[in-house]
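Below is one structure, written out as structure tokens, with a few remarks after it.
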Amino acid sequence: METFIAFWNILMKDIKNYYLKPPNISWGIIFPLSWTLMQIIRLSGDIQIVELLPGLMAMSILFGTTSMLAVTITFEKRSKSFDRLLLAPISISILVLAKILGAILFGIVNAFVPVIFAAFLVDLSGVNWSITIIGVVLIAITSALLGLLVAVSVREVFEAQTLSNFFRFPMLFLCGLFIPIDKLPAILKPISFCLPLTYGADMLNRAIIHRSSFNILLSCAVMLLFIIVFFYLCKRNIEKKWIL
Amino acid sequence: MEIVKIANLKKAYGDLQAVKGISFSIKQGEIFGLLGPNGAGKTSTINMLIGLSRPSGGSIVIDGMDAIKEIKMTQRIIGVIPDENNLYGEMSGFDNLCFCASLYGIGKKEREKRAMELLKQFGLTDAANRPFRTYSKGMKRKLTIAAGLIHDPKILFLDEPTTGIDVESTRQIRNLILSLKEQGRTILMTTHYIEEAERICDRIAFIVKGEIVRMGTVTELMESVEHEYRIKLQLDSSIIELKEELENNFPSCKIEVLEQNSCLLISEERMPLSPILQLLDGKGISVYEAKEIKPSLEDVFVKITGIHVSNLEKEKVMK
Ligand SMILES: Nc1ncnc2c1ncn2[C@@H]1O[C@H](COP(=O)(O)OP(=O)(O)O)[C@@H](O)[C@H]1O
Ligand SMILES: [Mg+2]
């Protein structure tokens, strides 16, 4: 019960202080929105808007979670308020969970921003919502952990941004959302198979545009594996780097 | 009873030996002070005790628990006031305190009650709903101390509680530390103000370059260095002509004539005063006052550490 109180209050504080702050809300909405509009204008209706949806969703999650976590954690670390969390009688695992849960929820909400806009423009009745939701949640969790991993590895907020972009852009273009994996140059394909987003994107493609390369169970299993590994790495890095 | 026991505690940052195997114990209910210049290793020591840093060697026992292996257990009973005011700038004073309480699993009603009480005790009730970042330095310091007390800890770690704040807040904070001791709490504090350590600590350890060079009560520290006895006499006239005669009569005693009809008697050992007073009386000189001039803790600190107090002050300004 005591642990739950601490967990819950860390989560609520982050949501109130960071995720619900006006600039972040608008960032979460404006970025996917402007990207959607850009694509619609560029493709001028030839291609089905629904084809863009998986990519947009994945991008919204990836950018929302990683940047928020990396920035807020480096910020708290620099102002030393993060020490308060390390001083609390809660385990590092609970602390990691509380910290990433806010970002995960933020990512999930961001994912559905393009869906809402798409719903006005196209018929979404063919979408398999349960797979979509599972895919979104798994992408959000892996992205959040990746953001935390970035946050643990740097000291300054701008470094966090740079390092997360270093991961994010290649990941977006190698995950099969914008360029199908079989059309990637042969040397890039193995990299693509090592990215969690590849499997999450495949789930979204399957659910929304009914095109996929992997078995859904395989995708889920791989994503879970990524989650476990990332979680372990985050915990280990926090113990190693932050408890000096 | 010894509630904090550390033995041969070491901390290295790469090649730098910040703490070089220090040992000390803190008795329940006392205020123990670590006094030393900047960079002496005070914060490094505290960080190891509270679990923010891993020792390179040695042991820490807090309230019977191994504070290195079972740090999450010991963290329940310790309160920490770090050297920087690290509360959340955007949150109000009240919300900050409630949040800190929640980290210790304290329920909503109870934490709001405690937050209000502490705000009142620290004279911050009027500022309760203002964001922390709008507070003055002294107010920030007080709220940071309040946050360290919110879960009613048995043992408190205060890192430079009064560095860089105004005189009035400093006075209030020092009194507060004394009242915390009266409530039965055990306190470890660091400081580089000698007079602060002298005034409020029951025992003091001088720490320099990662080593404890001397430790004890103020009286013990004073007695631990050899010093001359100095008696200041206040007379009704100058004794400049009598200096030689006095020194000849009392060879173990040196006389220093001061302004305004006073003089200093300096001797290696304690010496009886009445023969001197009698001699002066015979010369028709009256003695109105005789008092011992004791060396200050400052003198003792300088003698033991070789560090000049002005250097302590200089480093403080730089900070
Ligand atoms: N995280 C760190 N990494 C490297 N060196 C450090 C670190 N923290 C402190 N030091 C060094 O250790 C020494 C002791 O520092 P500190 O414990 O902060 O002293 P104090 O609190 O007495 O001023 C200093 O030389 C300081 O530069
Ligand atoms: Mg310090």
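The values are calculated or read from the model by the stated rules, or taken from the named source; none is laboratory data. All values derive from a computational prediction rather than experimental measurement. As a convention, Cβ positions derive from the backbone with ideal geometry for all residues, glycine included, and neighbour counts pool all protein chains shown. Note: accessible area is taken over every heavy atom of the protein model, side chains too, but ligands, DNA and RNA are not part of it. Shrake-Rupley method; radii C 1.70, N 1.55, O 1.52, S 1.80 Å.
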(Q) Compute, for the protein assembly as shown, the length of the dipole vector about the Cα centre, with Cβ point charges of +1 (Lys, Arg) and -1 (Asp, Glu) only. Units Debye, rounded to 20. (A) 2440 debye
Q) How many Cβ atoms of partner chains, on average, are near each residue of B:87-95 if near means within 10 Å of its Cβ? A) 3
Q: Measure nothing but the geometry: give the 0 to 90° angle between the long axis through the Cα atoms of A:92-121 and the longest principal axis through the Cα atoms of chain A, rounded to 10°.
A: 30 degrees
Q) In a Debye calculation with equal point scatterers on the alpha-carbon sites of the stretch A:94-222 and no solvent, what is log10 I(q)/I(0) at q = 0.12, 0.15, 0.16 Å⁻¹? A) -0.51, -0.79, -0.89
Q. Along the three principal axes, how long is the protein assembly as shown when you take its alpha carbons, biggest first, rounded to the nearest angstrom?
A. 122, 49, 42
Q.
Let's test the formula: R0 of 25 Å, r as the Cβ-Cβ distance of B:Q17 and B:N38. What FRET efficiency results, to the nearest 0.05?
A. 0.90
Q: With a point put 7 Å past each Cα toward its Cβ, work out how far A:I15 is from B:E220 in nm, to one decimal.
A: 5.4 nm
Q) For B:103-110, what's the mean count of beta carbons from other chains sitting within 10 Å of each residue's beta carbon? A) 5
Q) How many percent of DSSP beta bridges within the protein assembly as shown run antiparallel, rounded to 5? A) 70 percent
Q) FRET efficiency for B:D236 and B:E168, Cβ-Cβ distance as r, R0 = 35 Å, nearest 0.05? A) 0.25
Q: Search the structure for amide H atoms under 5 Å from the amide H of B:A18, placed 1.01 Å from N in the peptide plane, and list their residues when 5 or more places away or on another chain.
A: B:K11, B:A12, B:Y13
Q) For a paramagnetic label modelled at 7 Å from the Cα of A:F4 toward its Cβ, which residues of the stretch A:74-98 fall within the zone defined by backbone nitrogen distances under 20 Å? A) A:89-98
Q: Give the cross-link partners of B:K72 among the aspartates and glutamates, using a straight C-alpha distance below 19 Å as the criterion and excluding same-chain residues fewer than 8 apart.
A: A:E2, A:D83, A:E239, B:D63, B:D152
Q: Enter the accessible area per residue of chain A (Å², integer; probe 1.4 Å; all protein chains in place).
A: 45 Å²
Q. Calculated from DSSP H runs of 4 or more alone, at -39500 (n - 2.57) each and per residue, what is the 222 nm mean residue ellipticity of chain B, nearest 500?
A. -10500 deg cm²/dmol
Q: Just tell me how shielded B:72-79 is by partners: mean number of partner chain Cβ atoms within 10 Å of each residue's Cβ, no decimals.
A: 2
Q | Simple spin-label estimate for A:F158 and B:L273 in nanometres, 7 Å along Cα-Cβ | A | 6.9 nm
Q. In terms of Cα to Cα distance under 19 Å, which aspartates and glutamates are near enough to B:K232, apart from those fewer than 8 places away along the same chain?
A. B:E241, B:E244, B:E245, B:E247, B:E256, B:E259, B:E268, B:E269, B:D281, B:E289, B:E292, B:D299
(Q) I'd like the chymotrypsin sites (Phe, Trp or Tyr not before Pro) in the stretch A:73-157 restricted to DSSP loop residues with at most 14 other Cβ atoms within 10 Å, sorted by number. (A) none
Q. Roughly speaking, to the nearest percent, how much of the protein assembly as shown's 1.4 Å accessible area is carbon and sulfur?
A. 58 percent
Q. Taking a point 7 angstrom from the Cα of B:R130 along the C-beta vector, which residues in the stretch B:80-101 have backbone N less than 12 Å away?
A. B:93
(Q) Checking the table B:K5/B:K181; B:K10/B:K120; A:K21/A:K80; A:K80/A:K189; A:K240/B:K142; B:K69/B:K109 against a 30 Å threshold on Cα-Cα, which pairs fail? (A) B:K10/B:K120; A:K80/A:K189; A:K240/B:K142; B:K69/B:K109
Q) Gap in Å between the Cα centre of the stretch B:94-168 and the Cα centre of the stretch A:1-21? A) 19 Å
Q. How much length is gained on full extension from B:K108 to B:Q28, taking 0.36 nm per residue of separation minus their Cα-Cα distance?
A. 25.7 nm
Q. Projected onto the charge dipole of the protein assembly as shown (+1 at Lys/Arg Cβ, -1 at Asp/Glu Cβ, origin at the Cα centre), which of A:A88, B:V208, A:F4 gives the Cα projection farthest towards the positive end?
A. A:F4
**Q.** Protection-proxy order for peptides B:18-24, A:219-225, each taking the mean of Cβ atoms within 10 Å per residue, highest first
**A.** B:18-24, A:219-225
Q: Find the sum over both chains of the accessible area lost when A and B are paired, probe 1.4 Å, and report it in Å² to the nearest 100.
A: 2500 Å²
Q) Which value, in nm² and rounded to one decimal, describes the direction-averaged projected area of the C-alpha convex hull of chain B? A) 20.6 nm²
Q. Put +1 on the Cβ of each Lys and Arg and -1 on the Cβ of each Asp and Glu in chain B; which of B:T45, B:N85, B:V300 then has its Cα farthest toward the positive end of the dipole?
A. B:N85
Q. Among rounded, prolate and oblate, which fits the stretch A:130-193 when a ≥ b ≥ c are the square roots of the eigenvalues of its C-alpha gyration tensor, a/c under 1.5 means rounded, and a/b larger than b/c means prolate?
A. oblate
Q: Write down the accessible area per residue of chain B in Å², having rolled a 1.4 Å probe over the full set of protein chains.
A: 47 Å²
Q: In whole Å, largest first, what are the principal axis extents of the Cα atoms in chain A?
A: 56, 39, 35
Q. Å³ per residue of the Cα convex hull, for the stretch B:229-294?
A. 75 Å³
